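Structure, as structure tokens:
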Amino acid sequence: MNFSDRLITSLDNALRTLAAPAQASRSNPGVGVESAELSGDDKKLAGALMRVNHVGEVCAQALYEAQALSADSEPLRRSLRAAAREETDHLAWTEERLRELGARPSLLNPLWYAGAFGMGLLAGRLGPATSLGFVVETEHQVEAHLAGHLDRLPAHDARSRAIVQAMQADERRHADAALDAGGVALPLPARLLMKAVAKIMTTTAHRI
């Protein structure tokens with residue numbers, strides 16, 4: 001596809017992410033997992049944490065889509081889109097769990113998507129090694145973030161925990177694949193900036 005075709009595809013994917021139910025290609029890890037009845041407070045906490053995770057997957061779609069759009073290498077574009085398809089599973093799983101918990105997605109999802117898309121475009125324009133390094137750092141931060149959620153989720157919310165654990169394994173694999181493909185470590189200021197932006201997003205999405 002030429003750039004115009006890729007741009008149209010990117011716009012279509014943005015609309016699908018923000019306005020249509022996500023369709024998973026893999027079974028939801030929480031399906032069939034017996035979970036104890038949650039109290040009102042536990043359900044509220046689990047819903048807020050899963051909303052944050054859902055926002056993370058909205059941002060992942062934007063990041064991968066923007067990096068694929070701006071990449072000069074067709075193999076790199078294919079690998080980014082393959083990772084994005086697995087992230088779509090996460091999007092669908094977290095959507096489903098939000099419905100089960102009676103919680104809603106973040107009202108600011110269009111804002112999160114736009115911001116992440118801009119960051120992805122910038123990373124993609126800096127060349128394959130930096131773009132892949134951006135994937136590595138993003139996935140490492142997300143993996144750590146999910147580990148924190150496993151500590152905070154109610155111990156008896158087995159369904160949410162199964163979803164988060166499966167997502168965590170995928171993020172680790174995506175980081176390893178990007179590193180093996182030639183990703184380079186980002187400078188410390190860039191890593192710190194990414195953490196600061198992620199902190200703002202997660203804190204806000206927890207409530208809005």
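The values are calculated or read from the model by the stated rules, or taken from the named source; none is laboratory data. Treat the numbers as computed from the prediction; the structure is a model and nothing was measured. As a convention, Cβ positions derive from the backbone with ideal geometry for all residues, glycine included, and neighbour counts pool all protein chains shown.
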Failed condition for A82, given (1) buried (at least 18 other Cβ atoms within 10 Å of the Cβ); (2) farther than 20 Å from L150 by Cβ; (3) not aromatic (F, W, Y), with all others met? (1)
From V135, V55, residue being of a type in the set (A, V, I, L, M, F, W, C), closer than 28 Å to P187 by Cβ and either modelled with pLDDT of 90 or more or not in a helix (DSSP H, G or I) (or both): V55
Restricting to segment 18-51, what's the tally of residues that are farther than 20 Å from V164 by Cβ and modelled with pLDDT of 85 or more? 2
If we ask which residues in segment 69-83 are closer than 15 Å to T130 by Cβ, hydrophobic (A, V, I, L, M, F, W, C) and assigned to a helix (DSSP H, G or I), their number turns out to be 2
Say whether the condition of being in contact with a Gly (Cβ under 7 Å, 6 or more places away or on another chain), of a type in the set (A, V, I, L, M) and closer than 19 Å to A24 by Cβ is met by at least one residue in segment 140-161. yes
Enumeration of residues in segment 91-126 that are without any contact (Cβ under 8 Å) to a residue 40 or more places away in the chain and not basic (K, R): L111, L122, L126
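Given the structure, is L192 in a helix (DSSP H, G or I), more than 25 Å from A46 (Cβ to Cβ) and modelled with pLDDT under 90? Walk me through how you get there before you give the answer.
Values: in a helix (DSSP H, G or I): yes; more than 25 Å from A46 (Cβ to Cβ): yes; modelled with pLDDT under 90: no.
For L192, the condition - in a helix (DSSP H, G or I), more than 25 Å from A46 (Cβ to Cβ) and modelled with pLDDT under 90 - is not met.
Got a sec? Which of A14, A71 is closer than 22 Å to L122 by Cβ and touching a Lys or Arg at 6+ places or on another chain (Cβ under 6 Å)? Spell out how you get there, then give the answer.
Values: A14 fails: touching a Lys or Arg at 6+ places or on another chain (Cβ under 6 Å).
It is A71.
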Between a first residue in segment 35-48 that is under 12 Å from R152 (Cα atoms) and a second residue that is at pLDDT below 90 and of a type outside the set (S, T, N, Q), which pairs have beta carbons less than 7 Å apart while being 6 or more apart in sequence or on different chains? A46/L38; A48/H206
